[in-house]
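The values are calculated or read from the model by the stated rules, or taken from the named source; none is laboratory data. Model, not experiment: these values are computed from the prediction. For neighbour counting, all protein chains shown are included, and Cβ atoms are generated from backbone atoms with ideal geometry for every residue, glycine included.
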Amino acid sequence: MEKEELRQELLKQLSDNVVNFEEDKVVEAAKKVVEEGLNAYDAIMNGLAAGMVIVGELYDKHEYFVPELLMCADALYAGLDILKPRIKPEDIGESAKGQVVIGTVQGDVHDIGKNIIKMMFEVAGFTVHDLGRDVPLEKFVEEQMRTDSDIVALSAMMTTTMMGMKKVVEMIKERNPNVAIMLGGAPVTKDVTELFGADGYAKSAGNAVQEAIKMISRLREMQTK
Ligand code: B12
């Protein structure tokens, strides 16, 4: 099989098997990606994560319910375990050093997207302090101060919990305006980011690290002016 044909076939297998919560088959396809020397980052984004987008659509159409979602997430994580150690920093296109505090805000247990963003930062060379999900808002402030991190990255997947981000931005900026705050998650937009007074936003994992690096240099430029 031609390499491109094999790539397409394996991406489809990863995506389909996340959707069908076939954990063993996801593992099998992920191992094949590694054996064939294909790009692990591509397999995560265009295979596993693409499958999870379809899962979201099935949930929205009431074809899938909570138990299915959780089984799909298990299948996605099983694939991530195999592919994550194989990502190369150059696949992400940037390499950086710094510290990030990350978490999903209070009241919100959605952490699949947050975990993917965390992985991107780790691969790009950042030290990541992961607070997990349903994180009390003050905890972000405390952890930033404890670690003296350059970036605080907040995730929210619900319109209700998204409002908590504004509070975190206010609390952190009040203490230290030089910390770069980045927002993300399905309901978050560029407009929301600006309205909440945060510094950066990324629609997906694909450009989160690049955006974070731009955000830090923007802030540093402002400080030297
Ligand atoms: C999986 C899922 C769940 C799982 C979560 C499992 C887990 N461990 O995460 C479970 C079953 C637990 C769940 C529960 C609920 N859910 Co739910 N869930 C979803 C679903 C189907 C998919 C989310 C997902 O994982 N997507 C895949 C990942 C890869 O994508 P992502 O999260 O968007 O992340 C990407 C980007 O957003 C971005 N990103 C994310 N975070 C960050 C952070 C930063 C800093 C940056 C830069 C980028 C970034 O990068 C990521 C990677 O590309 C969505 C539907 C949807 N279409 O999104 C509903 C959805 C989010 N859920 C919803 C709801 C309502 C609920 C429940 C209240 C349902 C209920 N009645 O019980 C509970 C909430 C519990 C709670 N208190 O949080 C609603 C929210 C509606 C709203 N707008 O407020 C949605 C939109 C479904 C819907 N249409 O109604 N859910």
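Anything in region 106-127 that is at pLDDT 95 or above and part of a strand (DSSP E or B)? List them, or say none.
The answer is none; no residue qualifies.
So in region 52-73, with the set limited to residues that are out of contact with any Phe, Trp or Tyr (no Cβ under 9 Å at 6 or more places or on another chain) and of a type in the set (Val, Ile, Thr), which one is surrounded by the fewest Cβ atoms within 10 Å (Cβ to Cβ)?
So, considering only residues that are out of contact with any Phe, Trp or Tyr (no Cβ under 9 Å at 6 or more places or on another chain) and of a type in the set (Val, Ile, Thr), the one surrounded by the fewest Cβ atoms within 10 Å (Cβ to Cβ) is 53.
Would you confirm, using the coordinates I've provided, whether residue 60 is in contact (Cβ under 8 Å) with a residue 40 or more places away in the chain and of a type in the set (Asp, Glu)?
no
When both residues are 6+ apart or on different chains and their Cβ atoms are under 6 Å apart, which pairs have a first residue that lies in region 210-225 and is closer than 14 Å to residue 100 by Cβ and acidic (Asp, Glu), and a second that is modelled with pLDDT of 75 or more and not in a loop (DSSP other than H, G, I, E, B)?
Once the first residue is closer than 14 Å to residue 100 by Cβ and acidic (Asp, Glu) and sits in region 210-225, its partners that are modelled with pLDDT of 75 or more and not in a loop (DSSP other than H, G, I, E, B) give 211/200.
Name the residues in region 145-160 that are within 14 Å of the ligand (Cβ to nearest atom) and either of a type outside the set (Val, Ile, Thr) or buried (at least 21 other Cβ atoms within 10 Å of the Cβ) (or both), would you?
149, 150, 151, 152, 153, 154, 155, 156, 157, 158 - these are the residues of region 145-160 that are within 14 Å of the ligand (Cβ to nearest atom) and either of a type outside the set (Val, Ile, Thr) or buried (at least 21 other Cβ atoms within 10 Å of the Cβ) (or both).
Any residue at all in region 171-190 that's farther than 19 Å from residue 144 by Cβ, free of Cβ contacts under 8 Å to residues at least 60 places away in the same chain and crowded, with 22+ Cβ neighbours inside 10 Å?
Scanning region 171-190, I find at least one residue that is farther than 19 Å from residue 144 by Cβ, free of Cβ contacts under 8 Å to residues at least 60 places away in the same chain and crowded, with 22+ Cβ neighbours inside 10 Å, so the answer is yes.
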